[in-house]
1. How large is ³J(HN,Hα) for each residue in the range 37-53, as worked out from phi by the Karplus curve 6.51 cos²θ - 1.76 cosθ + 1.60 (θ = phi - 60°), to whole Hz, x for Gly and Pro?
2. Please list, ordered by chain and number, the residues whose modelled amide H lies under 5 Å from the amide H of residue 38; skip anything fewer than 5 residues away on the same chain.
3. Tell me the label-point distance for the pair residue 97, residue 34, using the 7 Å Cα-to-Cβ offset, in nm and rounded to one decimal.
4. Can you tell me the FRET efficiency between residue 144 and residue 49 if r is taken as the Cβ-Cβ distance and R0 is 22 Å, rounded to the nearest 0.05?
5. Over its Cα atoms, what ratio of radius of gyration to 2.2 N^0.38 Å does the chain give?
6. Heavy-atom accessible area per residue, the range 77-163, 1.4 Å probe: how many Å²?
7. Residue-wise, which Karplus ³J(HN,Hα) couplings in Hz belong to the range 112-122, taking 6.51 cos²θ - 1.76 cosθ + 1.60, θ = phi - 60°, and x for glycine or proline?
8. Rounded to the nearest 0.05, what FRET efficiency do residue 65 and residue 89 have when you use their Cβ-Cβ distance and R0 = 45 Å?
Amino acid sequence: LAAVLVIAGGCGTAAPTPPPDPAAPCAGADEQRAPGFYPDLEALLPTEVAGAAPATRDSGRYCSAKTLGPLLEAGIAELRFAGATWPGEGETGIALVVYRSPGLTVDAVADSFAVGAGTARGVTQVHAAERDVAGRRGIAITAVSGKRPQTVIIWPAAAPEKE
């Protein structure tokens, strides 16, 4: 038992991997993410939902055809994001993600989600419907896996970004 503790203790002394630098190029990475990666985007996320703080909160960017999918074909070469999650009862929960990229549109994001959901293992149905969210046109994508639907609602910011 002592030998195991010494070995385990020795393994824990390695220096942690430094977080990626958001000012540097992606350098071949598919995705880069870490808490505080883009603090300006994380600041757009609510600090609580229904009185609860998020269980996770981070930000980053998608940098490759693998992670951008149809967005790359729409002219988006890098997509920045910030997200937070609030687990619910059982298999339910809420995730909120903010995306930013020059030229990004609601339709491009909705198409990307619909294509991704349509190719996901176990998904039997994908539906898209326009939805008004806070007076702005949004799109709801619902994917059904077994008896469990998952809905993603995509809508634009209140004011266009100046990036």
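1. 4, 10, x, 5, 6, 4, 5, 7, 7, x, 7, 7, 10, 6, x, 10, 6
2. Long-range HN contacts for residue 38: 59, 60.
3. 2.1 nm
4. Details: r = 24 Å, r/R0 = 1.10.
The calculated FRET efficiency here is 0.35.
5. Values: Rg = 18.9 Å, N = 163, 2.2 N^0.38 = 15.2 Å.
Relative to the rule-of-thumb radius for its length, the chain sits at 1.24.
6. Details: 5640 Å² over 87 residues.
In whole numbers, the range 77-163 has 65 Å² accessible per residue.
7. Couplings: 4, 5, 5, 5, x, 5, x, 9, 6, 5, x Hz.
8. Working: r = 37 Å, r/R0 = 0.83.
Efficiency computed from Cβ-Cβ geometry: 0.75.
The values are calculated or read from the model by the stated rules, or taken from the named source; none is laboratory data. None of the values given here were measured: they were computed from a predicted structure. As a convention, Cβ positions derive from the backbone with ideal geometry for all residues, glycine included, and neighbour counts pool all protein chains shown. With ligands, DNA and RNA removed, areas are computed over all heavy atoms of the protein, side chains included. Shrake-Rupley method; radii C 1.70, N 1.55, O 1.52, S 1.80 Å.
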